[in-house]
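The values are calculated or read from the model by the stated rules, or taken from the named source; none is laboratory data. Since the model is a prediction, treat every value here as computed from it, not as a measurement. Neighbour counts are summed over all protein chains in view; Cβ atoms, including those assigned to glycine, are modelled from backbone coordinates with ideal geometry.
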2 protein chains.
Amino acid sequence: MELNELVRKTCEWLKGTGPNSDIAISSRIRLARNLNKTPFVHWANKKQEEEIFNKVKDAIAQTSFLKGSLFLNLSEISPLDKQFLVERHLISYEHAQNPGFKAVVIGDREIISIMINEEDHLRIQVMRSGFNIQDTWKLANRIDKELETKLDYAFSSDWGYLTACPTNTGTALRGSCMMHLPCLVMTKQMGKIIHAITKLGLTVRGLYGEGTEAAGNFFQISNQVTLGQKEDIILDNLERIIKQVLEHEQSARKSLLEQNKAVLVDQIWRSYGTLKNAHIITTDETVELLSSIRMGVDMDIIKDINRQNINELFLLIQPSHLQKLEGKILNSNERDLKRAELIREKLKKK
Amino acid sequence: MELNELVRKTCEWLKGTGPNSDIAISSRIRLARNLNKTPFVHWANKKQEEEIFNKVKDAIAQTSFLKGSLFLNLSEISPLDKQFLVERHLISYEHAQNPGFKAVVIGDREIISIMINEEDHLRIQVMRSGFNIQDTWKLANRIDKELETKLDYAFSSDWGYLTACPTNTGTALRGSCMMHLPCLVMTKQMGKIIHAITKLGLTVRGLYGEGTEAAGNFFQISNQVTLGQKEDIILDNLERIIKQVLEHEQSARKSLLEQNKAVLVDQIWRSYGTLKNAHIITTDETVELLSSIRMGVDMDIIKDINRQNINELFLLIQPSHLQKLEGKILNSNERDLKRAELIREKLKKK
């Protein structure tokens with residue numbers, strides 16, 4: 001696998017398949033791990049960071065789950081490529097920014113990715129399409145267990161897994177689900193729901209993680225607590241609440257269809273008309289309009305567009321993806337033109 | 001010819017043919033005439049108004065130009081039909097509102113129409129597609145001359161034709177051209193141009209005459225002065241100024257295409273996308289979007305839409321036209337749905 005091939009491939013988590021994939025885009029598990037008796041990344045000097053880098057790299061190379069995976073040393077790839085990986089949710093924004101001995105290992109169909117020397121020595125991520133916390137967790141757990149046979153993890157019988165940031169200590173597990181909630185936004189219920197979720201010890205974030213806005217009515221719901229609860233309890237709790245949010249969105253969709261169908265249909269088709277005809281368009285406007293079209297597809301108002309095509313567009317219209325597709329650096333105005341061209345092209349195909 | 005047939009016919013002035021019809025929609029001549037030794041309409045009692053009505057009706061019936069025309073006694077048609085005639089520019093808003101012995105005679109392809117007992121006893125109107133003041137005037141003049149052989153007009157050798165409102169006295173002639181000036185609006189030159197035109201003794205009005213706004217970038221330019229100048233001088237002056245406005249719009253189009261083509265193309269195609277996909281739409285929004293599409297057709301940016309189809313839509317989407325097409329009274333919400341449906345239907349046809 002090559003980095004440049006990724007842009008023409010659909011990652012598994014955008015396939016639009018899996019349970020409840022009309023509302024739950026993808027499920028994700030992230031485990032933070034550190035090597036025993038080794039300084040955390042932000043305490044380590046160059047030499048120590050290099051040692052960690054090599055140890056983890058070797059262990060991953062021997063892991064059965066990561067055969068044929070793509071190893072990317074971040075110091076060897078361009079800023080554009082790093083931003084491209086951020087857009088694909090394969091590395092964090094911080095991982096792309098910070099210099100040093102840093103890498104990411106990307107497995108088949110981008111289901112598995114492991115960041116080396118991000119905040120922790122290892123950040124194991126598994127991502128799948130749809131509402132599928134359990135399978136996602138099982139895979140993450142098996143990767144973790146196999147890596148544990150090759151690496152000596154920093155683990156305390158009192159505290160659990162030790163992490164650079166104390167808020168991750170314990171299970172060092174973060175489970176999340178990316179949800180598309182246009183009708184809860186439209187019926188102005190999201191404020192109330194975010195408030196309730198936060199009270200239950202979960203966190204709600206935007207499309208690009210911490211500190212980002214809920215562009216396109218996408219919300220990422222994840223557990224906040226990692227300490228003092230077993231993994232299965234944390235995930236059961238997360239699943240239960242996600243299910244409730246799912247049901248709320250479903251009933252908001254139903255009631256909007258019953259009470260306000262014409263207005264909804266009008267909004268959805270206008271979004272489609274604009275996307276299909278614009279010649280200059282920003283990322284933000286595109287994400288909002290695509291959100292509306294996706295809702296239309298999910299609610300069976302737009303029938304002849306494939307959900308996977310829409311999901312892919314969310315990614316392809318991002319700045320670095322556009323530039324990877326074009327094979328050159330584009331300024332903002334050039335991107336707005338190319339983005340519109342790409343969308344018109346993609347929406348022609350059924 | 002029947003009133004109900006009009007809605008499915010294209011009036012000549014909307015054909016989008018004739019000189020400069022990309023910018024000059026239509027040319028119009030209106031002559032006000034009154035019977036000698038007879039009170040003006042607002043001074044006349046019922047009996048006198050009826051006498052005027054019958055005299056004028058008989059004279060028109062004998063006129064060669066109005067063979068096979070449609071005579072409509074306004075007291076015998078519904079408010080919807082009257083509003084429909086206003087939308088087609090066949091009668092004035094005031095003529096539709098005021099009770100009494102009032103009528104309109106409509107000639108073939110709606111080129112000629114004569115209002116009986118509007119502000120004056122006769123208002124002779126001739127309307128043609130494109131920038132065509134001279135031919136329009138010639139026809140109006142011939143109708144007037146023929147009617148003068150049958151009717152004794154109120155005429156003073158000092159003042160010329162006498163009219164109910166002194167501002168019309170003299171030639172009682174109003175010539176006008178309906179112009180589509182989107183690029184002068186876009187480049188913010190219209191204010192300056194209206195100011196200059198007004199100083200030259202002409203008037204600029206909106207799509208529906210006096211007191212209406214310039215919806216859809218349509219402006220009606222007409223002479224203000226009727227007294228103290230011969231008809232040919234008035235019309236030469238009007239023609240000359242319209243020609244200048246035409247040239248200004250042409251050069252604004254050229255410079256926008258040179259300097260801002262992408263933005264223009266984007267705006268035009270977005271308008272098209274919205275119109276082609278909306279499911280609820282008001283008259284005002286439609287007129288603005290159609291204006292943008294017409295500009296796109298005229299500037300060769302949209303190639304596969306016929307200008308006549310766009311011109312027709314300006315009329316068909318009006319409230320009374322929609323109701324005539326549906327054959328029933330529709331409330332505002334119903335019209336917004338039907339309007340969107342009609343537009344989607346019409347834009348499917350090439």
inquiry  = Only one of A:188, A:150 is basic (Lys, Arg) and in contact (Cβ under 8 Å) with a residue 40 or more places away in the chain. Can you tell me which?
reply    = A:150
request  = Look at residue A:286 and say whether it is touching a Lys or Arg at 6+ places or on another chain (Cβ under 8 Å), within 14 Å of chain B (Cβ to nearest Cβ) and free of Cβ contacts under 8 Å to residues at least 40 places away in the same chain.
outcome  = no
task = State yes or no: is residue B:227 surrounded by 19 or more Cβ atoms within 10 Å (Cβ to Cβ), in the same structural domain as residue B:170 (by TED's automatic domain parsing) and closer than 17 Å to residue B:203 by Cβ?
result = no
message = Criterion first (in the same structural domain as residue B:84 (by TED's automatic domain parsing), touching a Ser or Thr at 6+ places or on another chain (Cβ under 8 Å) and under 30 Å from residue A:275 (Cβ atoms)) does residue B:273 satisfy it?
response = no
task = Specify the residue that is nearest to the other protein chains (Cβ to nearest Cβ); the eligible residues are those in the stretch A:326-340 that are surrounded by fewer than 15 Cβ atoms within 10 Å (Cβ to Cβ) and assigned to a helix (DSSP H, G or I).
result = A:333
ask   = From the residues in the stretch A:289-306 that are surrounded by 17 or more Cβ atoms within 10 Å (Cβ to Cβ) and in contact (Cβ under 8 Å) with a residue 40 or more places away in the chain, which one is farthest from the other protein chains (Cβ to nearest Cβ)?
value = A:298
remark   = Matching residues in the stretch B:172-196 (part of a helix (DSSP H, G or I) and closer than 30 Å to residue B:156 by Cβ) number 0
task = Collect the residues in the stretch A:212-230 that are at pLDDT 90 or above and under 23 Å from residue A:92 (Cα atoms), keeping them in residue-number order.
result = A:217, A:218, A:219, A:220, A:221, A:222, A:223
message = Quick check on the stretch A:119-171: of everything there that is assigned to a helix (DSSP H, G or I) and basic (Lys, Arg), which residue is nearest to residue A:235 (Cα to Cα)?
response = A:138
task = Just give me the residues in the stretch B:264-275 being facing another protein chain (nearest Cβ under 7 Å) and either out of contact with any helix residue (DSSP H, G or I) (no Cβ under 7 Å at 6 or more places or on another chain) or over 19 Å from residue A:341 (Cα atoms) (or both), in sequence order.
result = B:265, B:266
key: Subset of the stretch A:247-263 [more than 14 Å from chain B (Cβ to nearest Cβ) and among the charged types (D, E, K, R)]   = A:247, A:249, A:253, A:254, A:258
request  = Go through the residues of the stretch B:308-322 one by one and say whether even a single one is within 21 Å of residue A:276 (Cα to Cα), more than 14 Å from chain A (Cβ to nearest Cβ) and touching a residue at least 12 places away in the same chain (Cβ under 8 Å).
outcome  = yes
message = Looking at the stretch A:61-80, can you tell me whether even one residue there is out of contact with any Leu (no Cβ under 6 Å at 6 or more places or on another chain), among the acidic types (Asp, Glu) and touching a residue at least 60 places away in the same chain (Cβ under 8 Å)?
response = no
ask   = Limited to the stretch A:341-350, what total is found for residues that are part of a helix (DSSP H, G or I), away from every other protein chain (no Cβ under 12 Å) and more than 16 Å from residue A:8 (Cα to Cα)?
value = 1
